[in-house]
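All of the numbers you see were taken from the coordinates with simple rules; none came from a lab. If you're wondering where the values come from, they're calculated on a predicted model, not measured in any experiment. Here Cβ is always computed from backbone atoms with ideal geometry, including for glycine, and neighbour counts include all displayed protein chains.
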Amino acid sequence: MRRRAGAVLGACLSLLTPASPVTADPLTPVPLIFMTPSDTGLSIRAGVAGEPGREVEGRLSISRKSNGNSMATTQSRTVVLPEEGEAFFGRVDLNLGPQAVLVAELTLLENGRELGRATLDIDLQPGGQD
């Protein structure tokens, strides 16, 4: 369990930096992926931080393989950033399993143009990347 918790914590910390190149524009929306451990696995929330009033589409894709089973899901939603400058697109709860491989990717779009992307990879298999 300690190994899994370390992998999950490391994955959470890696999400603090967007995977896409950041431009000089300080108002460029930033993709956010938050993971919260639960008794059965993980709760994953996806969102965006940026300029209030800006309309942004978020596409969250998650795939998981664990104990010979596979799961894939995609959620898409458009939000207008509120005064606080942070909004969420969706939440997925899933069982991680002892030898799970999880990939979560959040893509931010505005008028069909990609603004940013964050990717999370967790590999709990023996010899995996954790």
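Details
- Extended-chain gain in nm, criterion 0.36 nm per residue less alpha-carbon gap, GLU83 and GLN125: 10.9 nm
- Paramagnetic reach from ARG113 (point 7 Å along Cα→Cβ, amide N under 17 Å) across region 48-86: 51, 54-58
- Label-point separation in nm, MET71 to ASP93, each point 7 Å along Cα→Cβ: 1.1 nm
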